[in-house]
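Taking it in order: structure first as structure tokens, then the write-up.
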Amino acid sequence: KLRARRDLTVGRLRALPGISVVEPQGAFYALPSLERAWEGGDEAFVLELVRETGVLFVHGEGFGQRPGTRHFRVVFLPSEAVLTAAFDGLDAFLRSHG
């Protein structure tokens, strides 16, 4: 189940505009990056995302990523249905902030 959820996560993230991600090999999370700078950094990105969509990710700096690298953390332990809903919300958010 975890491999299927990882594959769903990586596939959905790679299909989103302005997102890049390396496939995790031994973790239950991914650290995708935003290709464009977000005013206020990655923390502002995840806060605006949760306010507008209810989708919660954690900013990369909260997990030791260097400031300014524009990462966020996606845990893929939830069910595929929950992940799909989250990625649908993220997709709509990114498109509305194109």
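The values are calculated or read from the model by the stated rules, or taken from the named source; none is laboratory data. Small disclaimer: the values here were computed from a predicted structure and weren't measured. Backbone-built Cβ (ideal geometry, glycine too); neighbour counts: all protein chains shown. These area figures cover heavy atoms from the full protein model, side chains too; ligands, DNA and RNA do not enter into them. Shrake-Rupley method; radii C 1.70, N 1.55, O 1.52, S 1.80 Å.
Points to keep in mind about this one:
- Number of positions in the stretch 4-21 that are assigned to a loop (DSSP other than H, G, I, E, B) and either among the small types (G, A, S) or loosely packed, with under 12 Cβ neighbours inside 10 Å (or both): 2
- Once the stretch 40-58 is narrowed to residues that are in a loop (DSSP other than H, G, I, E, B) and under 21 Å from L83 (Cα atoms), the residue that is most open to solvent (accessible area, probe 1.4 Å) is L56.
- Listed by first and then second residue, the pairs with beta-carbon distance under 8 Å, at least 6 apart or on different chains, first residue in the stretch 8-20 and more than 16 Å from G60 (Cβ to Cβ) and free of Cβ contacts under 8 Å to residues at least 40 places away in the same chain, second open to solvent by less than 40 Å² (accessible area, probe 1.4 Å) and part of a loop (DSSP other than H, G, I, E, B), are V10/V21; V10/P24; R14/V21.
- A residue that is closer than 21 Å to R3 by Cα, over 14 Å from the mean Cα position of the chain (by Cα), exposed (fewer than 13 other Cβ atoms within 10 Å of the Cβ) and without any contact (Cβ under 8 Å) to a residue 40 or more places away in the chain occurs somewhere in the stretch 81-91.
- For the stretch 59-80, the candidate set comprises residues that are in a helix (DSSP H, G or I) and over 18 Å from R14 (Cα atoms); within that set, the residue that is most open to solvent (accessible area, probe 1.4 Å) is F63.
- Criterion: in a loop (DSSP other than H, G, I, E, B) and open to solvent by 50 Å² or more (accessible area, probe 1.4 Å) - qualifying residue of A37, A27: A37
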